[in-house]
Amino acid sequence: MPFQRLFDLLVAVPLAVVVLPVCLVLLVAIRLETPGSPLFVQRRVGKGQAPFDMLKLRTMHTGTANVASHQVGAASITRLGALLRRLKLDELPQLWNVLAGHMSLVGPRPCLPGQTELLEERASRGLFVLRPGVTGPAQIAGIDMSDPVRLATYEAEYFTVDRPLGDVRLIVSTALGGGRGDAATVAKPRDSSSHDGDKA
């Protein structure tokens, strides 16, 4: 999909100039609020089911389980993290993933290697020919990874049509705060023996 890659670079390169200083300020703010690395790195499944390391700003306390958001809960989110998630600023470091070719601006949101049901549903629909996205149609529609069949079905319907204008609408909608966005809404006790977690 050469056009998609060209589109990603035309948008991501100039945007990175603006995003970099914002990220630096936020990294300092996160570190001042809570101990631990302010940058969150998590292994995700990419194009062709190849693993890659996705970057985010850390929004949860260190020691939070390394699982999908719907399995974590709001109690693990820091005060600053809640704001970052609401404004979707925690996703800004993924511009690096786009520039590196791991991700696209629009695509299926990358899942964890352990989300086997979602992996199977996406594989059966041929979705792994695509790069995962910083944003995606299911995210804007409010469908999270706790419902893998519905999510994969919705993604397949979107990505099987010619979609340049649809992608632009998704990017604008995401920037304006569209979609439910955050599945970590049910408070659960933190597990201090596990690794950091974050939202899908």
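For the range 129-151, the candidate set comprises residues that are in contact (Cβ under 8 Å) with a residue 40 or more places away in the chain and touching a Lys or Arg at 6+ places or on another chain (Cβ under 6 Å); within that set, the residue that is least open to solvent (accessible area, probe 1.4 Å) is Q139. Each residue in the range 109-128 was checked for being farther than 13 Å from A152 by Cα and either in contact with a helix residue (DSSP H, G or I) (Cβ under 8 Å, 6 or more places away or on another chain) or open to solvent by 50 Å² or more (accessible area, probe 1.4 Å) (or both), and 2 of them qualify. Out of the residues in the range 76-98 meeting the condition of being basic (K, R) and more than 12 Å from the chain's Cα centre (by Cα), tell me which one is surrounded by the fewest Cβ atoms within 10 Å (Cβ to Cβ). Here the answer is R79.
Of everything in the range 29-59 that is in a strand (DSSP E or B) and in contact with a Phe, Trp or Tyr (Cβ under 7 Å, 6 or more places away or on another chain), the residue that is surrounded by the most Cβ atoms within 10 Å (Cβ to Cβ) is L57.
The values are calculated or read from the model by the stated rules, or taken from the named source; none is laboratory data. Worth saying up front: this structure is predicted, and the values here are computed from it rather than measured. FYI the Cβ positions are ideal-geometry reconstructions off the backbone, even for glycines, and counts take in every protein chain you see. When the accessible area is computed, the model is the full protein with side chains, heavy atoms only, and any ligands, DNA or RNA have been set aside. Shrake-Rupley method; radii C 1.70, N 1.55, O 1.52, S 1.80 Å.
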